[in-house]
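What follows is a short report on a single structure.
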Amino acid sequence: MSQLDYKASLLRTARRIVVKVGSAVLSDTSGLRVEVIDRLAAQIDRVMREGREVVLVSSGAIAAGRARLGYRGRSMGERQAAAAAGQIELMRQWAKAFDGRGRTVAQLLLTHDDVADRKRRTNAVHTLRALLSAGVLPIINENDTVAVEEIRMGDNDVLSSMVAGMVQAQMLVILSDVAGVMTRDPRKHPDARLIPLISDVESATRGLVAEKAGPLGSGGMATKLKAAGQAARAGIATIIAPGRGGDNLLAVLDPAREIGTLIAPSRAPLKGHKQWIAFALRPVGALALDPGAAEALRHKGRSLLPSGIREVRGEFASGDCVSLLDAAGVEFGRGLVNYPSSDVSRVLGHRSAEISQVLGYKVADEIVHRDNFVLLEELT
Ligand code: GLU
């Protein structure tokens, strides 16, 4: 199928769209590019007038702040200071551009902790829904000033796919300074070609990693594909396209124009609860399984019982997210545990019927129930 045929079918149902714009589009060494912001605002406004809901994820705070403060340094403190000064500048420019079009914008600053914590995530979702139904454009960035390494999202590509899952968007548009996903690194290989349509993002990513001088090192492509992969498993299509051109967002959303790379959503998307386990939580420990248990989880849709566990790694509490490792030590899934690590260590290898006897209590037969388990790779 061509990109155009596929896009036409997706656009018919794409009512809610997350648009992520990178710093390379919005800024240069002298700071924010006001004309680019204005052009994008005009396009977003038009998309909203045509009846679609838009959530904007905008980078550019650090770039704006650096220019403003004359910072060159890259220390954490300086980045955070730059973000603090730059974020208001960034929002001022967006607000100005949308004011002129009679549209209100709102700001949300999130960290990884906010999307991992169920209550805070739900609150953010309620806020976003209320803004969207009021016709307001939510503009989201990572809360850089408080996001030290452990609670950082990493980058706004990943933030945008999290947000797309949270608002149950149908499409994620990542606008950056690259043409899309290329067959090879275009900086080294003039013969690199644009890939217009990726129907299976997991195998495409594996292929691109395997390719010598592959394109994943360039233009932050690895994180863009990671974001697209997460979106795909949430049932959301992604388009990675160049963001600098005059009307590129409109081109992306035009069924008659081919631009960038379209990444198809999974045919068997994860439900919200499983998306949260797979992408929002970070595992705090791991369970190494025997081949039979790994097989039962991977292919048979079973739960994890104590008898299939060989080893407990790390310390975790009941309800925490853990990695599940196959016999080769490869993480193939994640799940929420029903027992703390100290108790799993005591019951491993036992049958479920023996749990109460060994521990003196029993909350469940399973260590990880299948409803709280996700396979990290889609089965093909
Ligand atoms: N939050 C950062 C900023 O606003 C950008 C991070 C990113 O683009 O990945 O400058």
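Each Lys and Arg Cβ is given +1 and each Asp and Glu Cβ -1; about its Cα centre, the range 144-185 then shows a dipole of about 220 debye.
Of all beta bridges that DSSP places with both ends in the range 277-352, some 70 percent have antiparallel geometry.
The length gained by stretching the chain between R282 and R206 to full extension, at 0.36 nm per residue less their Cα-Cα distance, is 25.1 nm.
Each of P196, A41, T29 was scored by the projection of its Cα onto the charge dipole of the chain, and the greatest displacement toward the positive side belongs to A41; charges sit on the C-beta of Lys, Arg, Asp and Glu. Residue-normalised convex hull volume from the C-alpha trace of the range 163-297: 143 Å³ per residue.
Fully extending the segment from D247 to I88, taken as 0.36 nm per residue of separation minus the present Cα-Cα distance, adds 54.7 nm.
Restricting attention to the chain, close to 40% of DSSP beta bridges with both partner residues there are antiparallel.
Rounded, prolate or oblate: pick one for the range 1-89, where a ≥ b ≥ c are the square roots of the eigenvalues of its C-alpha gyration tensor, a/c under 1.5 means rounded, and failing that, prolate if a/b is larger than b/c, else oblate. Judged from the Cα gyration tensor, the range 1-89 comes out prolate (a/c at least 1.5, a/b above b/c). A dipole drawn for the chain from +1 and -1 charges on Cβ atoms has a positive end, and of P283, P242, F373 the residue lying farthest that way is P242. When only the Cβ of Lys, Arg, Asp and Glu is charged (+1, +1, -1, -1), the dipole of the range 253-335 relative to its Cα centre reaches about 260 debye. Couplings for the range 101-117, taken from phi via the Karplus curve 6.51 cos²θ - 1.76 cosθ + 1.60 with θ = phi - 60°, read 10, x, 10, 8, 10, 9, 10, 10, 10, 10, 10, 4, 4, 5, 8, 7, 7 Hz in order; Gly and Pro are left as x.
Binning the alpha carbon pair distances of the range 267-362 at 10 angstrom intervals from zero yields the distribution 16, 49, 30, 5, 0, expressed in whole percent. Using the Cβ-Cβ distance between D371 and S75 with R0 = 51 Å, the FRET efficiency computed as 1/(1 + (r/R0)^6) comes to roughly 0.70. With the charge dipole of the chain set up from +1 on Lys and Arg Cβ and -1 on Asp and Glu Cβ about the Cα centre, the Cα lying farthest toward the positive end among the listed residues G319, A227, A61 is that of A61. For the chain, the mean residue ellipticity at 222 nm estimated from helices alone is -11500 deg cm²/dmol, where every DSSP H run of n ≥ 4 contributes -39500 (n - 2.57) and the total is divided by all residues, rounded to the nearest 500. The reciprocal of the average 1/r between distinct C-alpha atoms defines the Kirkwood hydrodynamic radius, which for the range 236-302 equals 15.9 Å. Grouping the Cα pair distances of the range 23-136 into 5 Å bins from zero gives a pair-distance distribution of 2, 11, 18, 19, 18, 16, 10, 4, 0 percent in increasing distance order. Between V363 and H350, the modelled labels are 1.6 nm apart [label points 7 Å from Cα along Cα→Cβ].
Per-residue 3J(HN,Hα) values for the range 34-45, derived from phi via the Karplus relation 6.51 cos²θ - 1.76 cosθ + 1.60 with θ = phi - 60°, read 4, 5, 5, 4, 5, 5, 5, 4, 4, 6, 5, 4 Hz in sequence order (x marks Gly and Pro). Over the chain, the pair-distance histogram of Cα-Cα distances with 20 Å bins from zero comes to 27, 53, 19, 1 percent, rounded to whole numbers. Scaling against 2.2 N^0.38 Å puts the C-alpha radius of gyration of the range 110-212 at 1.34.
For the chain, the dipole from Cβ point charges (+1 on Lys and Arg, -1 on Asp and Glu) about the Cα centre works out to 700 debye, to the nearest 20.
Values quoted throughout were computed directly from the atomic coordinates according to the rules given, and no laboratory measurement underlies them. Predicted, not measured: the structure shown is a model, and the values here were computed from it. For neighbour counting, all protein chains shown are included, and Cβ atoms are generated from backbone atoms with ideal geometry for every residue, glycine included.
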